[in-house]
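Written below as structure tokens is the structure these notes are about.
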Amino acid sequence: MHYEGAHIIRPPSEADSIILQVTVGCSHNKCTFCGTYKEERFRIKDQAIVAADLDFAAKYCTRQSRVFLADGDVLALSQRRLVELFTNIRTKLPWVNRVSLYGNAKAIRNKSVEQLLELKSLGLHRVYMGLESGYDPVLTAIHKGADSAEMIEAGQRVKAANLFLSVTALLGIAGAALSQEHAKATGQVLSAMEPNQTGILTLMLLENTQLYQLEQAGEFNLPTQQEMLAELRTMVEHLNLKKGQLQSNHASNYLAINARMPRDKEAVLAAIDQALDGKTRLKPEYLRAL
């Protein structure tokens with residue numbers, strides 16, 4: 001497979017997928033907390049290279065039934081290019097039963113429900129979307145590129161196309177000062193989006209990011225471990241889903257959660273309370289990672 005750029009990332013649930021790189025970098029690439037593609041200029045890979053990678057997968061990846069399209073925002077491609085891509089995947093990898101990709105709010109909102117339905121008919125199954133926060137002052141501060149209303153609209157559009165929606169929220173991103181406001185609003189926005197899967201991550205400051213520089217200058221204060229747990233509790237308390245998975249099993253988190261909502265909500269709150277009371281062993285700093 002032909003990969004370009006310094007980083008090829010994928011969600012934890014795509015660990016066994018064929019990673020097909022269609023774009024390099026991120027079409028937005030302005031978030032203050034993310035350093036993944038800071039050195040990369042967003043570009044669409046040559047179609048001949050992608051076709052060659054599909055030929056490679058057809059020969060050597062016959063035991064893998066899923067495809068994840070990298071990098072940061074394949075959904076930014078035109079509908080014509082996406083239809084051609086998905087058609088080629090179906091033609092060359094007929095055994096694949098699931099295709100997934102990242103989609104930011106802007107790219108999703110640039111697609112109609114009908115266009116998303118067309119992609120679903122060609123094999124698209126899952127869209128991963130980074131919410132990070134549902135609190136508008138935080139979304140503005142981190143240069144996310146969308147406000148909470150636009151995030152909700154994007155999430156609901158994915159759901160309207162009957163696609164699996166996986167949304168991430170980020171503990172600590174509001175700093176210590178706005179921790180609780182961020183947590184409450186994020187729980188409420190997630191409830192409005194109704195994701196099939198909610199993934200909780202915990203902020204880790206990276207040296208090549210603007211947020212790290214703000215922290216070094218004393219202009220951003222990362223919440224303490226206890227404050228992160230309190231933030232998580234408030235977020236879950238305000239999370240009212242009709243049905244969905246809730247997970248905080250990413251390596252960045254102090255406390256692992258794997259639950260079904262709303263069935264397990266009270267059990268999750270009780271587990272967080274146990275951790276807040278010091279009765280649960282938390283992940284040590286040296287084991288946390290991105």
The correct count of residues that are in contact (Cβ under 8 Å) with a residue 40 or more places away in the chain and either in contact with a Gly (Cβ under 8 Å, 6 or more places away or on another chain) or in a loop (DSSP other than H, G, I, E, B) (or both) in the range 41-58 is 1
Residues of the range 96-115 satisfying the condition of being of a type in the set (A, V, I, L, M, F, W, C) and under 21 Å from R10 (Cα atoms):
V96, V99, L101, A105, A107, I108
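R157: touching a helix residue (DSSP H, G or I) at 6+ places or on another chain (Cβ under 7 Å), surrounded by fewer than 16 Cβ atoms within 10 Å (Cβ to Cβ) and either in contact (Cβ under 8 Å) with a residue 24 or more places away in the chain or under 18 Å from L239 (Cα atoms) (or both), yes or no?
no
Here are C31, C26: which of them is under 30 Å from Q213 (Cα atoms), surrounded by 20 or more Cβ atoms within 10 Å (Cβ to Cβ) and at pLDDT 95 or above?
Values: C26 fails: at pLDDT 95 or above.
Answer to the selection: C31.
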Kindly list, by first and then second residue, each pair from a residue in the range 219-237 that is within 15 Å of L178 (Cα to Cα) to a residue that is assigned to a helix (DSSP H, G or I) and aromatic (F, W, Y), limited to pairs with Cβ atoms under 9 Å and residues at least 6 apart or on different chains.
F220/Y212
Whether any residue in the range 110-126 is surrounded by 23 or more Cβ atoms within 10 Å (Cβ to Cβ) and of a type in the set (D, E, K, R) is what I want to check.
no
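Looking for whichever is closer than 20 Å to K144 by Cα and of a type in the set (D, E) here; the options are E4, E39, E84. Which one fits?
Numbers: E4 fails: closer than 20 Å to K144 by Cα; E84 fails: closer than 20 Å to K144 by Cα.
It is E39.
Do you know which residues across the range 248-260 are buried (at least 17 other Cβ atoms within 10 Å of the Cβ) and either of a type in the set (S, T, N, Q) or in contact (Cβ under 8 Å) with a residue 40 or more places away in the chain (or both)? Spell out how you get there, then give the answer.
Taking the range 248-260 and keeping what is buried (at least 17 other Cβ atoms within 10 Å of the Cβ), we get 248, 250, 252-255, 257, 259.
S248, H250, S252, N253, Y254, I257 - these are the residues of the range 248-260 that are buried (at least 17 other Cβ atoms within 10 Å of the Cβ) and either of a type in the set (S, T, N, Q) or in contact (Cβ under 8 Å) with a residue 40 or more places away in the chain (or both).
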Given (1) touching a strand residue (DSSP E or B) at 6+ places or on another chain (Cβ under 8 Å); (2) on the phi < 0 side of the Ramachandran plot, number of the condition G123 does not satisfy:
(2)
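Which is at pLDDT 95 or above, in contact with a strand residue (DSSP E or B) (Cβ under 8 Å, 6 or more places away or on another chain) and of a type in the set (S, T, Y), of S148, S100? Steps first, answer last, please.
Details: S148 fails: in contact with a strand residue (DSSP E or B) (Cβ under 8 Å, 6 or more places away or on another chain).
Of the residues listed, the single one that is at pLDDT 95 or above, in contact with a strand residue (DSSP E or B) (Cβ under 8 Å, 6 or more places away or on another chain) and of a type in the set (S, T, Y) is S100.
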For the range 265-282, give me the residue count where each residue is surrounded by fewer than 17 Cβ atoms within 10 Å (Cβ to Cβ), more than 22 Å from I173 (Cβ to Cβ) and not polar (S, T, N, Q).
8
Output for Cβ contacts, cut-off 6 Å, separation at least six or different chains, first residue more than 14 Å from K159 (Cα to Cα) in the range 180-206, second buried (at least 17 other Cβ atoms within 10 Å of the Cβ) and modelled with pLDDT under 95, reads I200/S248; L201/H250; L201/S252; T202/S252; T202/N253; M204/S252; L206/G35
Which listed residue is surrounded by 14 or more Cβ atoms within 10 Å (Cβ to Cβ) and out of contact with any Pro (no Cβ under 6 Å at 6 or more places or on another chain), from E285, E207, E237:
E237
Being within 23 Å of L117 (Cα to Cα) and assigned to a loop (DSSP other than H, G, I, E, B) is the filter; apply it to the range 190-217 and report the residue that is farthest from the chain's Cα centre (by Cα).
E194
Subset of the range 61-85 [in contact with a helix residue (DSSP H, G or I) (Cβ under 7 Å, 6 or more places away or on another chain) and more than 11 Å from L20 (Cβ to Cβ)]:
D73, L75, A76, Q79, L82, V83
Looking at the structure I just gave you, is G187 closer than 25 Å to N104 by Cα, in a strand (DSSP E or B) and not acidic (D, E)?
no
Here is a check on your reading of the model: is Y212 in contact with a strand residue (DSSP E or B) (Cβ under 7 Å, 6 or more places away or on another chain) and hydroxyl-bearing (S, T, Y)?
no
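The values are calculated or read from the model by the stated rules, or taken from the named source; none is laboratory data. Model, not experiment: these values are computed from the prediction. All Cβ positions, glycine included, derive from the backbone under ideal geometry; neighbour counts span all protein chains shown.
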